[in-house]
Amino acid sequence: MRVPLASSGLRKCDIEAAAKVLNSGNLTMGNEVKNFESKMSRYLGAKHFVMVNSGSSANLLMIEALMRPSISKPKLNPGDSVLVPAIAWPTTVWPLIQLGLNPLFVDVDSKTLALDLDAAQRLIESSRIPVKGIFPIHPLGYAIPPSKLQDFTSRNDLILINDVCESLGSWSEGQHAGSVGIASSFSFYFSHHITTMEGGGVATDDDEYANDLRSMRSHGWSRDRTDALEWNEKVSQNDSKFLFVSTGYNVRPMEIQAAIGSRQIEDIDLFIERRRRIAKRVYEALEGSDLQVVGSHTLSQDALSSSHSWMLIPIRITSEGAANKKTEILHILEKAGIETRPVLTGNFLAQPAIQRITRHATDPDNYKVASEISESTFLVGAHHDLEEAQIRHLCETLQSISIIP
Ligand SMILES: Cc1ncc(COP(=O)(O)O)c(C=O)c1O
């Protein structure tokens, strides 16, 4: 029996919604995208949601819109330093480098796998480089408490942007992950909490910033902005459909993606509840053994004030010689049909791309927790489509290889 890390997540109703769009002939960004965006704003409690073609594009636009706003002064300038976690996804870090910013890596917290704010404070106090922003990842379904982010950013006068690509449907202190700061990015890649096959978007409460995201996702034109008329009046000699007010890309989503997203978001609570139940079953199977579910402290919390959305399930080997033991365990799991993977990219500083291509690399061994997690921790699936027999197989296999110390 196979227990995959990912599943397409598409149901009959999603495919029917996509077919309806294909038959309508309205294929490129239009009303379906607008409809999905308003559903996402409502769900997240954000004033704006701007859909794009991936979570990576969402990250790129979030940074570009801070550096090249069409009206106000830039909030970040080339050369500015921005804090990022040492266990990161590449397209959290690459937009900073691509746009001339300086990513400053911070070790992660072993209990949550998120950027360690105490380590970040020490770095700011010991570093002579002024820091302008922080771009934390809310990892694998864990929402960083908003009060901690708020305190840290106000104390250090930092711009906060959130990567929530792995944590739709999670919240902390009664708020969705990423609800403090200027904006947060989401991914709807297949296997995530909801899917649009490929897809992503940015949530923000800032009107000008949202307008800039709308321009930047589509060549820099003014068409989709709420202030498009004002721009037209200012520059009346131009054809208003071909008025360009910012830098831009083409990272527009398609109507079929949005139509699927609109069906999926209606069932998000059900999906999260199923993922939560799988994580709980795995936790119970391993309780007291040398295999520990990272994030299990959230399982006992009141689900209304705080909820982990379990993108995947991180399992840490707590006994001696974890690195060797991990190779052995992964081999047994893969042989039993249970797919595994590293925690994001592992210690990102140890990746050849960051070491070879950029001048921002420092010794990966400086990030002790990230290195320890890379050696001792792996992920198994928690997809809401897993069936009872698969969940039982996962729990029994894990239990059979765990050791009660
Ligand atoms: C933390 C994080 N940021 C960004 C992304 C990029 O999202 P996408 O695959 O939609 O481009 C991912 C991918 O899952 C991710 O895990």
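The values are calculated or read from the model by the stated rules, or taken from the named source; none is laboratory data. The model shown is predicted, which means the values in this text are computed figures rather than measured ones. Virtual Cβ from ideal backbone geometry, glycine too; neighbours counted across all protein chains shown. Please note that ligands, DNA and RNA were not included when accessible areas were found on the heavy atoms of the full protein model with its side chains. Shrake-Rupley method; radii C 1.70, N 1.55, O 1.52, S 1.80 Å.
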Rounded percent of accessible protein surface that carbon and sulfur make up, segment 1-81, 1.4 Å probe: 54
Per residue solvent-accessible surface (Å²) - the chain, probe of 1.4 Å: 43
For segment 377-386, 3J(HN,Hα) per residue [Karplus equation, 6.51 cos²θ - 1.76 cosθ + 1.60, θ = phi - 60°, Hz, x = Gly/Pro]: 10, 9, 10, 10, x, 9, 5, 5, 8, 4
Highest-MSF residue in the chain out of ILE71, ILE182, ILE137 [GNM, Cα springs under 10 Å]: ILE71
Cut-off 11 Å between beta-carbons: net charge of the residues surrounding SER56, Lys and Arg +1, Asp and Glu -1: -2
Nitroxide proxy distance, nm - points 7 Å out along Cα→Cβ at ALA19 and ARG68: 4.3
For segment 180-307: rounded, prolate or oblate by the Cα gyration tensor [a/c cutoff 1.5]: prolate
Extreme residue, positive dipole direction of segment 233-305, given options GLN264, GLN237, ALA303 (C-beta unit charges): GLN237
Loop-located trypsin sites (Lys or Arg not before Pro) in segment 309-405 whose Cβ has at most 13 other Cβ within 10 Å (DSSP): ARG359
Cα long-axis angle, helix 268-286 against the chain (0 to 90 degrees, to the nearest 10): 20
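What does the charge add up to near LYS132, with Lys and Arg as +1, Asp and Glu as -1, over the other residues with Cβ less than 11 Å from its Cβ?
Combined, the nearby Lys, Arg, Asp and Glu give -1.
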Formal net charge of residues neighbouring ILE161 (Cβ-Cβ distance under 14 Å; K, R +1; D, E -1): -4
Stretch gain in nm, segment ASP385-ALA323, where the contour uses 0.36 nm per residue and the Cα spacing is subtracted: 19.2 nm
FRET efficiency estimate (nearest 0.05) - Cβ-Cβ, ASP157 to HIS297, R0 25 angstrom: 0.20
Virtual spin-label span in nm between SER8 and GLN121, 7 Å along Cα→Cβ: 4.9
Full-extension gain in nm, GLU284 to LEU304, via 0.36 nm per residue minus C-alpha separation: 5.0 nm
Anisotropy class of segment 299-405 from Cα gyration tensor, a/c 1.5 cut: prolate
Alpha-carbon centroid distance for the pair segment 137-177 / segment 29-99, whole angstrom: 15
Integer Hz, Karplus 6.51/-1.76/1.60 couplings in order for segment 293-304, x for Gly and Pro: 7, 6, x, 5, 4, 7, 5, 8, 6, 5, 5, 7
Taking the chain and dividing mean pair separation by its residue count, relative contact order in percent (alpha carbons under 8 Å, at least six apart): 23
Above-threshold pairs, the threshold being 31 Å between Cα atoms, out of LYS34/LYS75; LYS111/LYS335; LYS12/LYS111; LYS12/LYS39: LYS12/LYS111
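Using Cα pairs under 8 angstrom and six or more residues apart, how large is the relative contact order of segment 2-137, in percent?
19
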Peptides 283-290, 202-209, 39-46, 87-94 ordered by average Cβ neighbours within 10 Å, highest first: 87-94, 202-209, 39-46, 283-290
Whole-Å semi-axes of the chain's equivalent ellipsoid (Cα gyration tensor): 36, 27, 17
Dipole magnitude (debye, nearest 20) for the chain, charges at Cβ of Lys, Arg, Asp, Glu: 540
Degrees, to the nearest 10: 31-44 long Cα axis against longest axis of the chain: 60
